[in-house]
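Written out below as structure tokens is the structure these notes cover.
The values are calculated or read from the model by the stated rules, or taken from the named source; none is laboratory data. This one's a predicted model, so the numbers in the text were calculated from it and none came from an experiment. Cβ coordinates were reconstructed from backbone atoms using ideal geometry, including for glycine residues, and neighbour counts include every protein chain displayed. Only protein heavy atoms, including side chains, enter the accessible area calculation; ligands, DNA and RNA are left aside. Shrake-Rupley method; radii C 1.70, N 1.55, O 1.52, S 1.80 Å.
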Amino acid sequence: MSILERILKTVVLDEAIITEKVALSKTAFKIRLQSDSIKNISFIPGAFLRLGIGIGKEELSMKDKIRSYSIWNINSSSGYLDLAIATHSGGIGSKWAQECQEGDTVYYKLKKEIL
């Protein structure tokens, strides 16, 4: 893992655990992330989450290590959020969504939009 990736994991990104993964269809998954840090998110409908799905994979470019997803649902008091991820594209995010498992650790940051 590169020094930049270590900084991302320890300083920039928050950590969460995948607590639920449900197939919504043949080409879409609902993935639930749980973390105490989610309890502190000031959520704005339509917000995106940057997910560090390629961290530790040296063969990927930096832009392929971070993917953005829309937040489908959030429960700040319980500290979880849900993502719906389509897998029909076959890209790095699609492969991650198909292969990730409950109990996996992920790294994320809320993408703040300037309106």
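Pairs Lys21/Lys65; Lys65/Lys111; Lys21/Lys111; Lys39/Lys109; Lys65/Lys109: which exceed 18 Å Cα-Cα?
Among Lys21/Lys65; Lys65/Lys111; Lys21/Lys111; Lys39/Lys109; Lys65/Lys109, the Cα-Cα distance tops 18 Å for Lys21/Lys65; Lys21/Lys111.
Starting from the 7 Å offset along Cα-to-Cβ, what nm value, one decimal, do you get for the label separation of Trp72 and Thr105?
2.6 nm
Near Ile18, within a Cβ-to-Cβ distance under 13 Å, what is the net charge of the other residues, with Lys and Arg +1 and Asp and Glu -1?
Local charge sum for Ile18: -3.
Could you please report the charge total around Ser68, scoring K, R as +1 and D, E as -1 over all other residues with beta-carbon less than 9 angstrom from its beta-carbon?
Summing Lys/Arg as +1 and Asp/Glu as -1 gives +3.
Do any trypsin sites (Lys or Arg not before Pro) in region 68-115 lie in a loop, going by DSSP, with at most 11 other beta-carbon atoms within 10 Å of their beta carbon, and if so which?
Filter output for region 68-115: Lys112.
Can you put Asp82, Asp36, Asp104 in order of accessible area, largest first, using a 1.4 Å probe?
Correct descending sequence by accessible area is Asp36, Asp104, Asp82.
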